[in-house]
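We did not get these values from a lab; they are worked out from the coordinates using the rules stated. These numbers come from a predicted model, not from an experiment. Reconstructed Cβ throughout: ideal geometry from the backbone, glycine too, with neighbour counts over all protein chains shown.
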Amino acid sequence: MKVLVIGGAGYIGSHVVKALRRAGHEPVVFDNLSSGQRRNLFPGVELIVGDIQKPEEIGAAFARGFDAAVHLAAFKAVGESMAEPEKYSVNNISGTINILNAAVAAGCLRLAFSSTAAVFGSPTYVPIDEAHPTVPENYYGFTKLEIERILGWYDRLKGLKYAALRYFNAAGYDPDGEILGLERNPQNLLPIIMEVASGWRDELQIFGDDYDTRDGTCIRDYVHVSDLADAHVKALERIERTGESLTVNLGSERGISVAEMLAVARRVTGRPIQARAVGRRAGDPAACYATSARARELLGWEATRSDVDTLVSSTWRVYGHYGPDGKEAAR
Ligand code: UD1
């Protein structure tokens, strides 16, 4: 399939592009490079620089003719979404509507969409399956849920077949070491730990050590980005084969605590990694992890690289490409 990967220069998108290429598909990247980076581009893959907020730009891209698309162009910082919902409305929701209208106009009726575990809000039970109530507790999660609903309508009204892929906590880097772009100002746990290990940050603040969990710190389901990437390929291939839309959770099904992630990072990096427990972060559930039984059944997908050691070591290897004091210069 010829696949337009919107947001293909970003962290997850670059891994999706690699997975598509390895499976014999032809990805073309569409990205405005606001957080995506040229250095993330897979060799030989074309980049169209454009913005989903400009209907004419995304329209021109789709008009070139694609069999399918992957949509990963979104803002994803939970805290920011609560402070600046306007940005999330325009980019995540309006931007997606521009994409869907352009896709439909060009007859591209297969789409894999990056959704999130944030659509569920605080778990009322774990492991979380697809039937779990969707009550997002932040505006970021709301935008993703709203888009899932719009996708449902475009399926009914326009025959657009989609895969809503609800990622749990994406982490890790290409185990082959071919994708090297780091996110700027990371907000997520593992990159923050890596920045402390690299000497770029003084300490990790552990958001709460008094939760009702095995060691008092929060438990999450970290899933390797290359495993996530494979799910996009399998989802598009299934849509092509069956003509059916689907919504699936993508998690490793293993809950890892903040303290456990930190301990593995100390061992793998050999660095002390200063850490200090501070107060709880608003809106953090104690434990959140998935069952991916439906992804297994529908896609034949399994997380095979999502053990903590692979998550940490594949990430640490990328940080090794950046000088100890050359953080900004190297980027
Ligand atoms: C959230 C979303 C997730 C989304 C992700 C994107 C929810 C329920 N989850 O995940 O769907 O894909 O953001 O960014 O909305 N932590 C620390 N110190 C830090 C940073 C994090 O202790 O400096 C802890 C957090 O309290 C949490 C864990 O590490 O327990 C992971 O946090 P984070 O990486 O921010 O992701 P989530 O908030 O779990």
Packing-based ranking, highest mean first, of 112-121, 286-295 given that Cβ atoms within 10 Å are counted: 112-121, 286-295
Cβ density ranking, 10 Å radius, fewest first, applied to TRP200, TRP301, TRP153, TRP316 yields TRP153, TRP200, TRP316, TRP301
Based on the mean of other beta carbon atoms within 10 Å per residue, what is the order of 38-46, 86-94, most packed first? 86-94, 38-46
Among rounded, prolate and oblate, which fits region 257-322 when a ≥ b ≥ c are the square roots of the eigenvalues of its C-alpha gyration tensor, a/c under 1.5 means rounded, and a/b larger than b/c means prolate? oblate
What does the helix-only formula give at 222 nm for the chain: each DSSP H stretch with n ≥ 4 adding -39500 (n - 2.57), the total divided by the residues, and the result rounded to the nearest 500 deg cm²/dmol? -11000 deg cm²/dmol
According to the square roots a ≥ b ≥ c of the eigenvalues of the Cα gyration tensor, what is the shape class of region 127-201, taking rounded for a/c under 1.5, prolate for a/b larger than b/c otherwise, and oblate for the remainder? prolate
Top positive-direction residue, dipole computed over the chain with Cβ charges, set GLY320, GLY44, ASN249: GLY44
Determine Rg/Rh for the chain; Rg is computed over alpha-carbon atoms and Rh is the Kirkwood hydrodynamic estimate from the same atoms. 0.95
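Below 8 Å between Cα atoms, with a sequence gap of 6+, how large is the relative contact order for region 1-142 in percent?
Across region 1-142, relative contact order equals 23 percent.
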Looks like region 181-331, by Cα gyration tensor root eigenvalues a ≥ b ≥ c and the a/c under 1.5 rounded cutoff (else prolate when a/b is bigger than b/c, oblate otherwise), is oblate
Output the peptides 10-21, 99-110 sorted from most to least packed, where packing is the average of other Cβ atoms within 10 Å over each peptide's residues. 10-21, 99-110
Rank the residues HIS321, HIS224, HIS232, HIS25 as a footprinting-exposure proxy: fewest other Cβ atoms within 10 Å of their Cβ go first. HIS321, HIS25, HIS224, HIS232
Could you identify which residue out of THR124, THR134, THR310 has the top mean-square fluctuation in a GNM of the chain using Cα springs shorter than 10 Å? THR124
Simple Cβ-charge dipole of region 1-97, Lys/Arg +1 and Asp/Glu -1, about Cα centre, in debye nearest 20: 420 debye
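Among residues other than GLN187 whose Cβ falls under 12 Å from its Cβ, what is the net charge (Lys/Arg +1, Asp/Glu -1)?
Local charge sum for GLN187: 0.
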For region 173-297, the dipole about the Cα centre with charges only on Cβ (Lys and Arg +1, Asp and Glu -1), to the nearest 20 debye, works out at 220 debye
Dipole of the chain, positive end: most advanced residue of TYR125, THR96, ALA290 [Cβ charges, Cα centre]: THR96
Whose amide H sits under 5 Å from the amide H of ILE128, counting only residues 5 or more places off or on another chain, with H placed in the peptide plane? TYR289, ALA290, THR291
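Just tell me, in residue order, which DSSP H segments of the chain are both 15 angstrom or longer along the helix axis (alpha-carbon based) and at least -0.5 in mean Kyte-Doolittle hydropathy.
Taking the DSSP H segments of the chain (at least 15 Å long, mean hydropathy at least -0.5), we get 11-22, 95-106, 225-242, 258-269, 308-319.
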Of ALA197, ASN185, VAL258, which is farthest on the positive side of the dipole of region 118-260, counting Cα position, with +1 on Lys and Arg Cβ, -1 on Asp and Glu Cβ, and the Cα centre as origin? ASN185
Between region 223-239 and region 265-308, what's the alpha-carbon centroid distance in Å? 18 Å
Electrostatic dipole magnitude of the chain [Cβ: Lys, Arg +1; Asp, Glu -1; Cα centre; debye, to 20]: 460 debye
